[in-house]
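Asker: Attaching a single structure in structure tokens format; questions to follow.
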Amino acid sequence: MSAVTYSDEITSPVAASRVFKALILDADNLLPKLLPQAIASIETVEGDGGVGSVKQINFAEGKRSIHILVHKINALDQENLSYSYSFVGADAFMDKIESISYEVKFEAAADGASLCKSVTKYYPKAGVEITEEAIKPGKEKTMGMFKVVEAYLLANPEAYA
């Protein structure tokens with residue numbers, strides 16, 4: 001079955017370079033601090049943190065259906081503020097999904113703001129249909145995480161400057 005592709009754009013009043021540094025380059029440290037109720041830790045399990053590295057996101061205990069996500073970094077371009085990675089393992093939903101790939105690019109916008117463009121490709125297993133409704137909760141959680149990081153950066157203008 002072919003990939004199911006979704007594109008999104010998010011505008012932020014925070015400069016693209018700051019959002020990229022916080023959300024991409026320092027996510028392993030920052031996200032567990034800002035979202036301890038959701039993310040227990042992010043650790044590099046293979047590689048040096050650059051392209052080809054494998055990272056594991058360990059979610060906080062609670063009423064979650066997923067506890068672990070494993071992703072591989074496919075590309076990291078600090079100059080052009082772009083990043084791509086693929087989820088290659090999890091303790092949930094992998095019975096329906098072969099993998100999920102993400103491409104994210106941050107661009108400067110007017111008045112020091114930024115635009116985050118993302119493309120997500122879901123590769124379902126044979127016979128499985130991926131619907132917008134099925135991925136909606138994940139998209140909402142991702143947006144919530146983005147907004148928490150954005151609020152932190154707005155409240156701390158020196159952070160990631």
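Asker: Could you check the simple spin-label distance between residue 128 and residue 78, using points 7 Å along Cα→Cβ, in nm with one decimal?
Answerer: Taking the simple label geometry, residue 128 and residue 78 are separated by 3.6 nm.
Asker: Computed FRET efficiency, Cβ-Cβ of residue 40 and residue 155, R0 35 Å: what is it to the nearest 0.05?
Answerer: That pair, residue 40 with residue 155, gives E of 0.90.
Asker: Given the options 130, 146, 32, identify the residue whose Cα lies farthest towards the positive end of the charge dipole of the chain (+1 on Cβ of Lys, Arg; -1 on Cβ of Asp, Glu).
Answerer: 130
Asker: In a shell of Cβ-Cβ distance under 13 Å around residue 139, excluding residue 139 itself, what net charge do Lys and Arg (+1) and Asp and Glu (-1) give?
Answerer: Numbers: positive: 136, 141, 147; negative: 8, 9, 132, 133, 140.
With Lys, Arg at +1 and Asp, Glu at -1, the net is -2.
Asker: Please tell me the relative contact order of the chain in percent, rounded to the nearest whole number, where contacts are Cα pairs under 8 Å and at least six residues apart.
Answerer: Details: 303 pairs, mean separation 44.9, N = 161.
It rounds to 28 percent for the chain.
Asker: If neighbour count is taken as other Cβ atoms inside 10 Å, put 20, 146 in order from fewest to most.
Answerer: Values: 20 23, 146 16.
Fewest-to-most ranking of 20, 146: 146, 20.
Asker: Any idea how far apart residue 121 and residue 95 come out in nm if each label point goes 7 Å out from Cα toward Cβ?
Answerer: 2.7 nm
Asker: Remind me, relative contact order of the stretch 1-54 in percent, using alpha carbon pairs under 8 angstrom and six or more residues apart?
Answerer: Details: 23 pairs, mean separation 9.4, N = 54.
Reported as a whole number, the value is 17 percent.
Asker: What whole number of Å gives the distance from the Cα centroid of the stretch 125-161 to the Cα centroid of the stretch 11-73?
Answerer: For the stretch 11-73 versus the stretch 125-161, the Cα centre distance is 11 Å.
Asker: Calculate for the chain the 222 nm mean residue ellipticity that helices alone would give, adding -39,500 (n - 2.57) per DSSP H run of length 4 or more and normalising by residue count, nearest 500 deg cm²/dmol. Write out the running numbers ahead of the final one.
Answerer: Values: 3 runs with 37 residues, N = 161.
Rounded to the nearest 500, the figure is -7000 deg cm²/dmol.
Asker: Under a straight-distance cross-link criterion of Cα-Cα below 28 Å, which lysines are reachable from residue 21, leaving out those fewer than 8 residues away in the same chain?
Answerer: Counting by Cα, and skipping residues close in sequence, residue 21 has these lysines nearby: 33, 55, 72, 105, 117, 121, 136, 139, 141, 147.
Asker: Here are several values of volume of the Cα convex hull per residue in Å³: (i) 116; (ii) 165; (iii) 141. Which one was derived from the coordinates shown?
Answerer: Here the calculated entry is (i).
Asker: Further, regarding this structure: Considering amide H positions built from the backbone, and no H for Pro or chain starts, which residues 5 or more places from residue 90, or on another chain, come under 5 Å of its amide H?
Answerer: Here 70 satisfy the definition.
Since every read-out is calculated from the coordinates, none of them should be taken as a lab result. All values derive from a computational prediction rather than experimental measurement. Backbone-built Cβ (ideal geometry, glycine too); neighbour counts: all protein chains shown.
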